Structures are given as C-alpha cells and as structure tokens.
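K.L.:
Just passing along the structure, written as structure tokens.
None of the figures in this text is laboratory data; all of them are computed from the coordinates on show. Every value quoted in this text rests on a predicted model; they were computed, and no experiment measured them. Cβ placement follows ideal geometry from the backbone for every residue including glycine, while neighbour counts extend to all protein chains displayed.
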Amino acid sequence: MTTDRRPLETGAGSARRRYRAVFISDLHLGSRGCKADCLLDFLHHVHSDYLYLVGDIVDGWRLRKRWFWPDAHQQILHRLLSRAEEGTEVIYLPGNHDESLRKWIGSTFGGVRIMHDVIHRTADGRRLLVIHGDGFDGVCREMKWLALFGSIAYDTSLYLNTWFNRARYWLGLGYWSLSGFLKDQVKAACKFIDRYERSLATEAQRRGASGVVCGHVHKPEMRTIEGIQYFNDGDWVENCSALVEHWDGRLELVDWARQRRFDLLTVKPAALPARTGAAAAA
C-alpha cells in the first residue's frame, strides 16, 4: 500500500488535490473524440494512492481503422505510467475497445497490473466490484457487429455535435452534448442503460460486494439499486468525469470540465477559480 500523502490538497480554492482512490474510464485515446487537454489538466492536478483505469483507455477499434495518436495522447499515456513509478497502485481493467490487452490479464507491466475485474475496499470498509462492464451489455456480448455499427453511429453523433456546438459558440451559447441528449430522450437507450445498471448491481450482490464501479456507457451516475450502490465514472469524450474516493470513504462524481470551467468546444479552461464537486454519496 502506498504512503498517505494527503497534504497535497490545499483547499477549495485550489485545483490541486489528493484522493484515496480515483476511477476513470473511456478515455478513448487514439480517437478524435478524446478531450485530451481536459484530461491532461485533470492528471496534472489530481493524485491518489489508488488509480483504477476502468477500460476503453485506448480505442483499438478506431486505431485499427485509422492511426491517430497526437502528442497530447502520448503525454496522457506517459502520465498514467508515471503514476505507478511514483508509488500509486495502478490497476488497468481492459474494456471492449482495448480488449486486445485482455490476453495479458494477470500480468504487470511497468508497475501497472492488468486485471479483468477487482474488489476495491473503501476506507470505511465497503467492498466495491470494479469492472468495465461490457460483459453485461447484451449487444457487445452477443452481437459484436451491431456494437461496431453502434460505435460508428456514436462517432457520427460526436462529429455532428462538434459542428452543432460551433454554431452555438458563434451565437454566444455554451457547450451542449447532442449525443447525451439523444441518449436521455430515446426510450430504447434509457431502457438499455437501466438494464445494464441493474445487471451490474446484481453481479455485485452475487459476489458479496456492496457496490459496483464501472464505465462503458459514457453516462456518469450514482444510484442505489435494491440496496446495491451503482457508480459509473463516466468518460472523457463527452462528460470529462471521474469517480473519486475521499479519505473517509465517501465517493464523489467529479465533473472536471465544470469545476475547471473548460469550454468543451475549444477545450480551454476559463480564467475562473475551480468550484467544489458534485454531491457525494455516503
């Protein structure tokens, strides 16, 4: 276990902070959708004793179609690997977009452990199942061709979202997620996400855990499902969010773009002080 270095946190007016654990997923390095500058800012200011990379860190599906690896993505990968060298316990749980790494499950590279899933014990004694979650997505599990088609459709919505928000920018309006709106409005998508969340909660209960931390669906969420706490840490394509554990075991969803006042169209932080995070769950 790493050394407790809590003094790094310097108060609400500062963005520099240290948590007991940080959970991030769905960075999609290698895709144009990755909000790399916002993620680099997060990694610069936020440190932890445990760092869980909860899948889809690298977008192998996209890289196989067309190589895209800018310097910012290399910097992110370097910083993630550096955390292990600095003493952080780093655990990588591959998802469906970086599934090629699953052949290395059980191995350790540069201090980074590759696992299929893991149980994290919070400071207040709770057992949380940490897993990417694609195995509980019926489309990914049984109809991979449809999942690939869905990935293309999702990329298209992100492309349209870019042009839509450029128009909003020129009209003096703020960033707005088209793909997020569609997910919230389409009943089939809402039902799919609800089934996904309930399936993971059931698995956590089966394995004697009091909660589950996952990614995959790009929808940050904290809710209780039949007594099981469900946490989705979101993504770094649309939401720029992470799940963090405080030193007393409290879990909080951090909306980094909002806290740092990033303009997600230009991906540049406004010269404004950071705000406190979202409501925490006990």
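K.L.:
Could you tell me how many cubic angstrom of Cα convex hull volume region 94-138 has per residue?
P.N.:
Per-residue hull volume (Cα only) is 89 Å³.
K.L.:
Same structure, new question: May I ask you to derive the FRET efficiency for residue 119 and residue 74 from their Cβ-Cβ distance with R0 = 30 Å, giving the value to the nearest 0.05?
P.N.:
On the way: r = 32 Å, r/R0 = 1.07.
Between residue 119 and residue 74 the formula returns 0.40.
K.L.:
Just from the alpha-carbon atoms, what are the Rg and Dmax of region 60-126 in angstroms?
P.N.:
Every Cα atom of region 60-126 included, Rg and Dmax give 14.2, 45 Å.
K.L.:
Along region 215-221, what does the Karplus equation 6.51 cos²θ - 1.76 cosθ + 1.60 (θ = phi - 60°) give for ³J(HN,Hα), rounded to whole Hz, x for Gly and Pro?
P.N.:
Running phi through 6.51 cos²θ - 1.76 cosθ + 1.60 with θ = phi - 60° gives x, 6, 8, 6, 9, x, 7 Hz.
K.L.:
Mind ordering 114-127, 244-257, 208-221 by average Cβ neighbours within 10 Å, highest first?
P.N.:
Sorting 114-127, 244-257, 208-221 by mean packing, highest first, produces 208-221, 244-257, 114-127.
K.L.:
Send over the Kirkwood Rh of region 6-125, from the inverse of the averaged 1/r over different Cα pairs, rounded to one decimal Å.
P.N.:
15.1 Å
K.L.:
Now for a separate question. Which aspartates and glutamates have a Cα less than 18 Å from the Cα of residue 103, not counting those fewer than 8 places away in the same chain?
P.N.:
56, 59, 117, 134
K.L.:
Another one. Kindly write out, for region 245-261 in residue order, the coupling ³J(HN,Hα) from the Karplus curve 6.51 cos²θ - 1.76 cosθ + 1.60 (θ = phi - 60°), rounded to whole Hz, with x marking Gly and Pro.
P.N.:
So the J values, rounded to whole Hz, are 10, 6, 5, 9, x, 5, 10, 9, 8, 9, 8, 5, 4, 6, 4, 8, 6.
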